[in-house]
Structure formats: C-alpha cells, structure tokens
1. Looking at the range 61-74 only, could you name the residues that are exposed (fewer than 13 other Cβ atoms within 10 Å of the Cβ) and either in contact with a Leu (Cβ under 9 Å, 6 or more places away or on another chain) or of a type in the set (V, I, T) (or both)?
2. Scanning the range 45-60 for residues that are buried (at least 19 other Cβ atoms within 10 Å of the Cβ) and in a helix (DSSP H, G or I), which turns out nearest to the chain's Cα centre (by Cα)?
3. Return yes when E63 is outside any loop (DSSP other than H, G, I, E, B), more than 15 Å from the chain's Cα centre (by Cα), touching a residue at least 24 places away in the same chain (Cβ under 8 Å) and at negative phi and no when it is not.
4. Within the range 23-42, is even one residue aliphatic (A, V, I, L, M), surrounded by 12 or more Cβ atoms within 10 Å (Cβ to Cβ) and not in a helix (DSSP H, G or I)?
5. Check every one of the helices (runs of 4 or more DSSP H) wholly within the range 75-140 and list those with 2 or more residues that are open to solvent by less than 80 Å² (accessible area, probe 1.4 Å), in contact (Cβ under 8 Å) with a residue 40 or more places away in the chain and not polar (S, T, N, Q).
Amino acid sequence: MKKYNYLTAREEELLNFFWQTEEPLTAGEMADRLEEDGWNTATLFKTVRTLSDRGYLKVAGLEKSAKSYARKFVPALTKEEYYTEVMMKRGLDSSSIANITAAFLGVADQNKKERDDRVISKLEEIIRMLRKAEEEENER
C-alpha cells in the first residue's frame, strides 16, 4: 500500500463522504450527490483524480454509462487507518493509546486513579466486544 500524505480540507471532505456512503460510486454519481454541498463538477473530478493517483481511492468496478464505462471508486483505507496515520506522523504511537482513550472519554483532566480506572474499563469493554465478535465469527 502506498504511503499516504496529509489531505487538504477538500480532499478530506470527499474521503469522509465516501466513508459515510459505504458504497462504490462513479464520479458522476458523486457529482449528483455533492452538488448541494457546493462541489462543482470540475473540482470534484480533479479531487477524485488526485485521491486516486495518491492511493486514497481505488477502482472497485466499472459501470456502463451511455456508450462508455465509468469507474466506480471506494476508499483504499478506512477512516481509522487514515487518522491513525495522521496521528503517527504527528508523533503519537501505540504508547499513547491510554492517553488517547482518556481524551476520547473526556476524562483526561481527572485525577490519575479515576482516569486510569475509566480507561481500563473502556479497554476491557473493547476486548470483550472483540472476543464476542470473534466467537460469533468462529460459530459460522
């Protein structure tokens, strides 16, 4: 997989649109859905091309459009993968997980014991959820 660079605000907006949509789209379909959000066709097509060239979007198939075919795009990485990459480029790593979790929970400013208890509780909840999902997957 390619090394990703930071996105511009407009590129990030388009990628967030894809993450929310969760389906392959042609540039024409994107243009129809994003017109009311202020995207003009030329800017949209250029942004799609840039994201595709940089490895953020990948082709997920073709759709017949009149006498030609249009490429359908999907994100090449998840939202979590992208933002993890951004955090890592800014100096955060796996040793920051507890502090990041505390910040997400809104307990970063609590005393150490309360903060740690909430973080441990949340991480244990995540572990239980992952184990349950794995068990369900193994039962299939």
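The values are calculated or read from the model by the stated rules, or taken from the named source; none is laboratory data. These figures come from a predicted structure and were not determined experimentally. Positions of Cβ are generated from backbone atoms using ideal geometry, with glycine treated the same way; all protein chains shown enter the neighbour counts. Ligands, DNA and RNA are stripped out before the accessible areas are found, and what is left, the full protein with its side chains, is counted by its heavy atoms. Shrake-Rupley method; radii C 1.70, N 1.55, O 1.52, S 1.80 Å.
1. Y69
2. L51
3. Numbers: outside any loop (DSSP other than H, G, I, E, B): yes; more than 15 Å from the chain's Cα centre (by Cα): yes; touching a residue at least 24 places away in the same chain (Cβ under 8 Å): yes; at negative phi: yes.
Yes; evaluated as a whole, the condition is true for this residue.
4. So far as the range 23-42 goes, yes, one or more of its residues are aliphatic (A, V, I, L, M), surrounded by 12 or more Cβ atoms within 10 Å (Cβ to Cβ) and not in a helix (DSSP H, G or I).
5. Correct list: 79-89.
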